[in-house]
Amino acid sequence: MTGSLGDVAQRFLDGEPFEPDAFQVEAIRVIESGASVVVTAPTGAGKTLIAEAAAAIALSAGKRTFYTAPIKALSNQKYRDLVDRYGEAGVGLLTGDNTINGEAPVVVMTTEVLRNMIYADSDALDGLGVVILDEVHYLQDRYRGSVWEEVIIHLPSGVQLVNLSATIANAEEFTAWIRARRGRTELVVEERRPVPLESMYLVRDRHHGNAVEWFPVFSRDGLHPNKRVLNLLRKGRGRHNRFTTPRRLEVSEALLGAGKLPAIYFIFSRAGCDQAARTVAAAGLRLTSAEEREEVRAFAEEATAHLDPTDLGVLGYESWVTMLEAGVAAHHAGMVPAFKEAVEQLFFSGHVKLVFATETLSLGINMPAKAVVLESFSKFNGETHELLRAGEFTQLTGRAGRRGMDEQGTAVILYSSYVPFKKVADVAAMGSHPLISSFEPSYNMAVNLVANYAKPRAEELLRASFAQFRAQQRVQRLEDRIAERTAEVARFRKAAECERGDIDAYVNAPLGSGDGSDAVREFFAQLDSGDVLELHNGERWVILARGYGRNPRFLLLSDNGERRKTTPDELGALPEHLGKLSLDEPVRSSDIAYLETAAHALKSWAPEDRAPSTEPETAAEVTVATCPDLDEHLQWLSRSYRASKDLRRLKRRRTRSDDDVVDRFGARMAVLSELGYVKRWDLSEKGESLRRVYNELDLLLTEAIESGVLEELSGPEFAAVVSMFTFEPRASDGEPAMLVGAVAERYERILKVWETVASAEKRRRVVESRMPEPGFAPYAYGWVSGAGLDDLFGEDGFAAGDFVRNSRQLLDLMRQIRDAFPSLAPVAATAIKVTDRGIVAVGGRS
């Protein structure tokens with residue numbers, strides 16, 4: 001199976017304890033050939049093996065390997081995995097706030113670190129052979145996705161790319177883009193899950209004593225919604241719904257009873273995860289043996305031995321360990337790293353059987369389970385609640401099924417009265433959704449492009465983004481459809497042509513236009529009850545009644561008793577007026593006996609006493625209206641009108657698709673020019689400073705620094721003010737922060753700078769930079785002033801996880817300021833030193 005591989009790859013695979021899958025061998029063969037590769041496969045299929053083989057191939061050639069990941073937790077895990085393979089001396093870690101052995105042959109890093117290296121033209125890129133972009137589908141992230149595209153576009157051309165992605169619907173398109181940017185690139189797709197997945201629907205049935213019941217989501221074909229569930233849910237509706245959503249404890253007991261543990265229970269709320277874990281543990285649900293509980297406590301003590309005992313008290317250590325001993329845990333970004341990593345390792349070892357987690361757990365962290373539960377089929381995206389997309393469902397449920405241990409994994413979806421069951425089944429069956437670019441030029445990107453490239457080349461690189469590639473593909477498809485529609489319109493209009501005149505003018509001419517339509521209207525205006533008409537197909541009809549107006553309706557009766565309502569336009573070719581049939585008055589058009597008598601009279605009627613014809617007779621009146629093929633002409637004309645309407649719609653879409661990333665870049669350049677960062681295609685001193693600021697509020701921060709906002713501050717004040725540029729509050733963060741003294745005064749000055757920047761952005765139609773957020777300032781000030789965790793949080797232990805994360809982000813930005821602005825280096829160094837202590841320091845090393 002692997003015989004066609006080279007010696008290095010073959011030796012690597014021979015050292016593995018299992019036979020590789022075909023897609024893994026295919027991807028490794030591509031890498032060995034020197035090409036880049038895109039690998040899309042379900043979670044748990046074994047993409048990591050491909051990455052490690054790529055590193056082995058690069059090392060054998062004397063080249064370095066960079067392994068990038070979207071989040072620090074995943075970077076830390078990959079670092080540990082690679083250390084196990086290559087040893088501490090052979091692997092480094094760079095995550096912005098943590099540097100370990102950065103000169104190693106294999107370095108794990110966040111994607112932002114690599115992007116920053118590229119813009120700085122770092123010496124670390126020398127000798128680089130391969131870059132592994134793990135979870136590359138993250139480029140669709142609305143906040144950070146641009147970074148992945150920047151790396152793919154700007155990475156030196158001689159470096160191979162190994163792109164590892166979850167299953168996506170447009171893998172060919174994504175690969176075509178990378179191939180256009182980086183040369184030879186192959187796509188390897190694995191659609192088969194390593195462990196088959198069953199999808200189950202869990203309901204609480206009030207008619208059966210509130211029992212929790214399991215139903216398959218799909219019918220036996222595995223494709224269509226289960227009809228039995230559809231029928232049950234339909235019958236269960238009413239004033240008092242039969243079915244409700246099972247409670248968390250009930251679901252946990254159902255999982256235990258059905259043998260579906262270990263399980264990951266996704267709840268899209270940190271507070272919900274914490275509450276669920278406490279509820280299940282407090283209910284006395286014990287998922288561990290006495291021996292396992294002893295092992296759990298010993299492991300927890302060892303995993304947290306580096307933390308201060310006082311901090312452990314604030315973090316609620318005893319409550320946390322009690323839950324772990326019960327085999328239950330929460331996992332989310334609000335926990336300190338030591339607690340999260342302990343949960344991950346205890347779940348992996350089988351000691352923790354049930355983890356309540358937010359969706360961040362679905363991002364590559366190695367925690368396979370037997371079952372995955374989705375409490376909700378919708379989640380908050382930062383602005384509104386939206387249903388899960390197919391790719392998100394696939395990513396979340398990808399953890400279900402342990403390779404080599406389970407015959408199948410189970411995805412459990414809980415009943416909700418707000419999401420129709422059919423919608424759940426449709427999303428679950430879809431499997432994936434297209435990868436969509438979120439690329440948007442930033443101010444930092446703009447000044448780095450100015451510094452590194454001539455303007456034509458910079459614009460060329462901007463148009464090389466996946467966003468622009470997709471836009472160009474869409475425009476090309478539209479152009480093709482426009483060409484097809486244009487040809488159709490011409491063909492239809494040709495078929496509609498009439499040798500007796502202009503068919504279009506006939507249909508659209510106003511009264512009195514003199515094109516023959518006047519005579520036609522006059523013909524129909526003179527008709528009334530009893531007039532007998534012969535249509536172009538030879539049928540005879542008598543008029544029973546008529547309406548009035550520009551296009552009046554006629555009620556007709558045929559000689560076989562059929563009634564018909566029509567208008568002159570619907571009749572098509574002009575009928576022949578044969579004469580008048582005497583009808584009994586009043587005309588009773590709804591009386592069956594009357595209609596039968598009238599039809600019989602029509603059948604036996606002969607036009608001996610034919611009235612003088614009111615048809616157009618002169619040569620001038622031989623118009624389109626008298627054409628025997630008028631019906632056919634009108635049908636082709638109607639088709640041409642519909643095609644023309646669709647053609648106009650396509651052209652409007654083409655206009656909207658002309659949104660060019662270079663235009664958006666130009667708008668940001670205009671803002672930078674107005675504020676003095678660039679002049680034509682040259683950077684000012686301010687522009688050079690901005691190059692080294694990698695922050696969402698890069699321009700606002702640089703402008704604030706240039707205005708002196710960070711001058712003459714103490715270390716605590718400096719940290720507090722800088723935190724306004726890193727902190728983003730969550731909906732549950734409570735009351736606004738109370739600021740005092742210099743921190744409050746600097747905040748007011750920053751707001752004025754923001755108004756200046758936002759005004760310039762508004763004039764150039766650039767999306768306004770968000771306002772600075774002071775919510776973390778009191779915590780930053782207190783910590784740098786020497787306060788302990790207990791002073792800042794009291795008994796609110798889990799908030800400390802957010803504190804560590806925000807403090808690490810603050811440290812990263814203060815280091816950037818130290819390096820980019822020499823005048824601020826002394827106060828920045830002081831604040832950095834005091835910030836990077838205690839739980840913040842160990843949080844960075846976890």
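Does at least one position in the range 400-416 carry a residue that is in contact (Cβ under 8 Å) with a residue 24 or more places away in the chain and closer than 30 Å to residue 473 by Cα?
Looking through the range 400-416, none of the residues is in contact (Cβ under 8 Å) with a residue 24 or more places away in the chain and closer than 30 Å to residue 473 by Cα.
Return the total of residues in the range 525-579 being of a type in the set (A, V, I, L, M), part of a strand (DSSP E or B) and free of Cβ contacts under 8 Å to residues at least 24 places away in the same chain.
So the answer is 2.
(1) open to solvent by 40 Å² or more (accessible area, probe 1.4 Å); (2) closer than 26 Å to residue 393 by Cα; (3) in a loop (DSSP other than H, G, I, E, B): which one isn't true of residue 246, the others all being true?
It fails just one condition, (1).
Hey, could you check the range 419-478 for residues that are β-branched (Val, Ile, Thr) and within 25 Å of residue 166 (Cα to Cα) and say which is modelled with the lowest pLDDT? Spell out how you get there, then give the answer.
In the first step, residues of the range 419-478 are kept if they are β-branched (Val, Ile, Thr); the result is 419, 424, 427, 436, 447, 450, 475.
Still in the running and within 25 Å of residue 166 (Cα to Cα): 424, 427, 436.
Numbers: 424: 87, 427: 85, 436: 82.
Checked the range 419-478; the qualifying residue modelled with the lowest pLDDT is 436.
With the checklist (1) within 29 Å of the chain's Cα centre (by Cα); (2) in contact (Cβ under 8 Å) with a residue 12 or more places away in the chain; (3) under 30 Å from residue 402 (Cβ atoms) in hand, flag the one item residue 204 doesn't pass.
So the condition that residue 204 fails would be (1).
Could you list, in sequence order, all residues of the range 186-214 that are among the aromatic types (Phe, Trp, Tyr) and surrounded by fewer than 18 Cβ atoms within 10 Å (Cβ to Cβ)?
214
Determine, yes or no, whether residue 17 is surrounded by fewer than 20 Cβ atoms within 10 Å (Cβ to Cβ) and assigned to a loop (DSSP other than H, G, I, E, B).
yes
Filter the range 291-316 down to the residues that are part of a helix (DSSP H, G or I) and either touching a residue at least 24 places away in the same chain (Cβ under 8 Å) or at positive phi (or both) and list them by number.
292, 293, 295, 296, 297, 299, 300, 303, 310, 311, 313, 314
Kindly indicate whether residue 71 is among the β-branched types (Val, Ile, Thr) and open to solvent by 20 Å² or more (accessible area, probe 1.4 Å).
Considered against the rule, which asks whether it is among the β-branched types (Val, Ile, Thr) and open to solvent by 20 Å² or more (accessible area, probe 1.4 Å), residue 71 comes out as yes.
Regarding residue 104, is this residue at pLDDT 90 or above, of a type in the set (A, V, I, L, M) and more than 24 Å from residue 43 (Cα to Cα)?
yes
What about residue 228, is it among the basic types (Lys, Arg) and not in a loop (DSSP other than H, G, I, E, B)?
The answer is yes for residue 228.
Is it true that residue 57 is open to solvent by less than 10 Å² (accessible area, probe 1.4 Å) and either over 33 Å from the mean Cα position of the chain (by Cα) or aliphatic (A, V, I, L, M) (or both)? If you could, list the steps in order and put the result at the bottom.
Details: open to solvent by less than 10 Å² (accessible area, probe 1.4 Å): no; either over 33 Å from the mean Cα position of the chain (by Cα) or aliphatic (A, V, I, L, M) (or both): yes.
No: the conditions fail for residue 57.
Please determine, by comparing only the residues of the range 703-746 that are aromatic (Phe, Trp, Tyr) and closer than 27 Å to residue 669 by Cα, which one is modelled with the highest pLDDT.
Restricting attention to the range 703-746, the residues satisfying the condition of being aromatic (Phe, Trp, Tyr) are 718, 725, 727.
Cutting the leftovers down to closer than 27 Å to residue 669 by Cα gives us 725, 727.
Working: 725: 96, 727: 92.
Of everything passing the filter in the range 703-746, 725 is modelled with the highest pLDDT.
Please indicate, with yes or no, whether at least one residue in the range 484-504 is part of a helix (DSSP H, G or I), modelled with pLDDT of 75 or more, aromatic (Phe, Trp, Tyr) and out of contact with any strand residue (DSSP E or B) (no Cβ under 7 Å at 6 or more places or on another chain).
Yes, that holds for at least one residue.
Which residue is surrounded by the most Cβ atoms within 10 Å (Cβ to Cβ), if the candidates are limited to the range 327-340 and must be under 17 Å from residue 369 (Cβ atoms), out of contact with any Asp or Glu (no Cβ under 9 Å at 6 or more places or on another chain) and not β-branched (Val, Ile, Thr)?
Out of the qualifying residues, it is 329.
On the given criteria, is residue 419 more than 23 Å from residue 136 (Cα to Cα) and out of contact with any Pro (no Cβ under 7 Å at 6 or more places or on another chain)? Spell out the reasoning first.
On the way: more than 23 Å from residue 136 (Cα to Cα): yes; out of contact with any Pro (no Cβ under 7 Å at 6 or more places or on another chain): yes.
So residue 419 passes the test.
Looking only at the range 116-124, decide whether some residue is within 23 Å of residue 442 (Cα to Cα), open to solvent by less than 20 Å² (accessible area, probe 1.4 Å) and charged (D, E, K, R).
Within the range 116-124, not a single residue is within 23 Å of residue 442 (Cα to Cα), open to solvent by less than 20 Å² (accessible area, probe 1.4 Å) and charged (D, E, K, R).
Need a quick list: strands (runs of 3 or more DSSP E) entirely within the range 68-164 having at least 2 residues that are in contact (Cβ under 8 Å) with a residue 24 or more places away in the chain and in contact with a strand residue (DSSP E or B) (Cβ under 9 Å, 6 or more places away or on another chain).
On the way: elements: 91-94, 106-110, 128-133.
By residue number, 106-110, 128-133.
So, in the range 785-805, of the ones that are open to solvent by 30 Å² or more (accessible area, probe 1.4 Å), of a type outside the set (S, T, N, Q) and within 21 Å of residue 830 (Cβ to Cβ), which residue ends up modelled with the highest pLDDT?
Taking the candidates together, the pick is 786.
Applying the selection to the range 535-580, what residues are among the small types (Gly, Ala, Ser), loosely packed, with under 14 Cβ neighbours inside 10 Å and either within 58 Å of the chain's Cα centre (by Cα) or under 14 Å from residue 605 (Cβ atoms) (or both)?
Passing the criteria: 547, 549.
Can you run down the residue pairs with Cβ atoms below 9 Å, 6 or more apart or on separate chains, where the first is in the range 272-290 and closer than 18 Å to residue 331 by Cβ and the partner is assigned to a helix (DSSP H, G or I) and of a type in the set (Lys, Arg)?
272/248; 275/248; 276/248; 279/248; 280/248
Given the residues 282, 254, which is the only one that is open to solvent by 50 Å² or more (accessible area, probe 1.4 Å), aliphatic (A, V, I, L, M) and either over 27 Å from residue 359 (Cβ atoms) or at pLDDT below 95 (or both)?
Among 282, 254, only 282 is open to solvent by 50 Å² or more (accessible area, probe 1.4 Å), aliphatic (A, V, I, L, M) and either over 27 Å from residue 359 (Cβ atoms) or at pLDDT below 95 (or both).
Please give the number of the condition residue 410 fails out of (1) hydroxyl-bearing (Ser, Thr, Tyr); (2) over 30 Å from residue 663 (Cβ atoms); (3) at pLDDT below 90; (4) in contact with a Lys or Arg (Cβ under 9 Å, 6 or more places away or on another chain).
All conditions are met except number (3).
Please determine whether any residue of the range 11-22 is in contact (Cβ under 8 Å) with a residue 40 or more places away in the chain and touching a strand residue (DSSP E or B) at 6+ places or on another chain (Cβ under 7 Å).
No, the range 11-22 contains no residue that is in contact (Cβ under 8 Å) with a residue 40 or more places away in the chain and touching a strand residue (DSSP E or B) at 6+ places or on another chain (Cβ under 7 Å).
Give the number of residues within the range 393-438 that are under 21 Å from residue 233 (Cβ atoms), open to solvent by less than 20 Å² (accessible area, probe 1.4 Å) and not in a helix (DSSP H, G or I).
Final tally of qualifying residues: 6.
Does at least one position in the range 89-97 carry a residue that is among the aliphatic types (A, V, I, L, M) and open to solvent by less than 20 Å² (accessible area, probe 1.4 Å)?
The answer is yes; a qualifying residue exists.
Do we find a residue being crowded, with 19+ Cβ neighbours inside 10 Å and within 30 Å of residue 416 (Cα to Cα) anywhere in the range 295-312?
no
Of everything in the range 736-753, what is part of a loop (DSSP other than H, G, I, E, B) and buried (at least 16 other Cβ atoms within 10 Å of the Cβ)? Give them in sequence order.
Of the range 736-753, the ones part of a loop (DSSP other than H, G, I, E, B) are 736-740.
Of everything in the range 736-753, those that are part of a loop (DSSP other than H, G, I, E, B) and buried (at least 16 other Cβ atoms within 10 Å of the Cβ) turn out to be 737, 739.
List pairs: first in the range 664-690 and modelled with pLDDT under 95 and open to solvent by 20 Å² or more (accessible area, probe 1.4 Å), second acidic (Asp, Glu) and not in a helix (DSSP H, G or I), Cβ under 8 Å, 6+ apart or cross-chain?
664/440
The values are calculated or read from the model by the stated rules, or taken from the named source; none is laboratory data. Values in this document were obtained by computation on a predicted structure and should not be read as measured data. Note that we place each Cβ from the backbone using ideal geometry, even for glycine, and neighbour counts take in every protein chain shown. Surface areas here come from the heavy atoms of the whole protein model, side chains and all, with no ligands, DNA or RNA. Shrake-Rupley method; radii C 1.70, N 1.55, O 1.52, S 1.80 Å.
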